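The values are calculated or read from the model by the stated rules, or taken from the named source; none is laboratory data. What you see is a predicted model; the values in this text were computed from it and never measured. Please note: Cβ atoms are built from the backbone with ideal geometry, for glycine as well, and neighbour counts cover all protein chains shown.
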Amino acid sequence: MTIVQILIGLLGLGIVVFVHELGHLLAAKAVGIEVEAFSLGWGPRLVGFTWRDTEYRISVFPIGGYCKMKGERSYVDALENAKDTIDPEPGSFFGAKPWKRIVTLLAGPFANVLFACVAMSLIYWAGFTQEDFGNRIVLASDFVETIEASAADAAGLQTGDTVVRIGNRSVESWADLQYEVGRNALRSIEIEILRDGRRLVVNATPAIDGERPRGILGVFAWVDPVVQGANGSAALIGLQAGDRIALAGGEPIAHFWELSAALSAGAGDIDLGIIRDGQPLSLSIPADARSGISNEIIFERLLLPSPDYHLIQAIGRGTGVSMRYLTDSVDALRLLFQGVRFRNAVAGPVQITSTIGQIAIDGFRIDFSTGAQRVFDFLSFLSMVLFFMNLLPIPVLDGGQIVLAGVEWIRGRGARPKTIYRYQIVGSLMVFAILFFALFSDVLFVIGR
């Protein structure tokens, strides 16, 4: 990771956390709960100021943040003093009525929902252009040795098919196809394809990707072998933007995967036959460059503009996409218990920061609007994940605290300090277990595994 990537990633993650904690802050002040500190980051204070009895600070470790409310750990004091009840100190968290605590706790997650809906609505209102491959497919089994046939093979799909619909959603790009397959693991889906000018409908059941909570079909994107840019050895042998690779070792090349297979087969130098400005040319690839040169070629992608939405349409579309991100988060949790490797499926702060930074860098290389669109799209997705995870009824998280306040509201009296303490211990152990897997996953990510 580069310094720029890290800084952009931390800024993006900081925005999501800031919005969440700001929701808690504004709601607490609105219902009369005093806020002692509002911090971005954890650990010792770097800079800050105090305004209206609240200390606003930026702390040393720039991951996460918190909104510290008065008396939120009063149950610990009551426990240490062997009390059966918590003293309802005026202006404190436990001194507030249960409904006020619930409003304050809900405000953080719902601030993330509001952020996602507003961000996505503005993205669709402003419009954007997406770079992607098309909706034509290549069967993975045609180029990769597999132990079992994939879902695509079982459904009768063939290399060269063009996927135009999955379920009730149209498919226009590789990203559309990946998204619809990814969210339908272990579910039967109807796939409409074009094959030799005919429309066909097949049914497939995507398998679970063992590395991530998503479905896989067993297909690759059809990538036309037209060069958009060349790096390293690809540039040294003379490949240029606009070149179409037609032959490799004398064999015709229809797409990237045929090129990759040709470069991997055999040894020694290999000739590429290309078409440049309508004229055939031949370029030679040295033996020592064969294995990695296909990864040094940037192939042309489609430029797919978003629809031209007016404001109301953009709000509807942006809100709809945000809600889809929420349902995807719920579904991903389901898949965690159906064959996904947990340590790979949980991303820690390092991976999240790296992802935000890389998305930004890749997007800004195209233009500013594309970079901004990609970053805020991912931050919106992250916000919906944060909303969902925080409302799980796990002690320590907002959802667990809401359960406590709700029980108190129904019973008319609060839980005993000892009960709250045990409840929080259980929650802390659960959260620490998740953090352990997330940090372990980060370590593997940093060392390249």
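General remarks:
- Number of the condition not met by VAL223 [criteria: (1) modelled with pLDDT of 90 or more; (2) surrounded by fewer than 19 Cβ atoms within 10 Å (Cβ to Cβ); (3) not aromatic (Phe, Trp, Tyr)]: (2)
- Of all residues in the range 284-297, one or more are under 29 Å from GLY218 (Cβ atoms) and of a type in the set (A, V, I, L, M, F, W, C).
- Residue selected from the range 274-306 under the condition among the aliphatic types (A, V, I, L, M), closer than 19 Å to ASP224 by Cα and crowded, with 18+ Cβ neighbours inside 10 Å, by the criterion nearest to the chain's Cα centre (by Cα): ILE297
- Residue in the range 114-123 that is aromatic (Phe, Trp, Tyr) and not assigned by TED's automatic domain parsing to the domain that holds GLY23 present: no
- Selection count, the range 404-425, where residues are free of Cβ contacts under 8 Å to residues at least 24 places away in the same chain and either surrounded by 17 or more Cβ atoms within 10 Å (Cβ to Cβ) or within 18 Å of LYS68 (Cα to Cα) (or both): 2
- Residues that are touching a strand residue (DSSP E or B) at 6+ places or on another chain (Cβ under 9 Å), modelled with pLDDT under 90 and loosely packed, with under 15 Cβ neighbours inside 10 Å, drawn from the range 242-264: GLY250
- Of the residues making up the range 121-133, one or more are crowded, with 17+ Cβ neighbours inside 10 Å, under 22 Å from the mean Cα position of the chain (by Cα), in a loop (DSSP other than H, G, I, E, B) and at negative phi.
- Residues satisfying the stated conditions in the range 1-50, i.e. out of contact with any Leu (no Cβ under 9 Å at 6 or more places or on another chain), part of a strand (DSSP E or B) and either crowded, with 20+ Cβ neighbours inside 10 Å or not charged (D, E, K, R) (or both): ALA37, SER39, LEU40, GLY41, TRP42, GLY43, PRO44, LEU46, VAL47, GLY48, PHE49, THR50
- Any hit, the range 368-386, residues being among the charged types (D, E, K, R), under 25 Å from PHE115 (Cα atoms) and either at pLDDT 80 or above or assigned by TED's automatic domain parsing to the domain that holds LEU22 (or both): yes
- Residues that are without any contact (Cβ under 8 Å) to a residue 12 or more places away in the chain and part of a strand (DSSP E or B), drawn from the range 282-313: SER282
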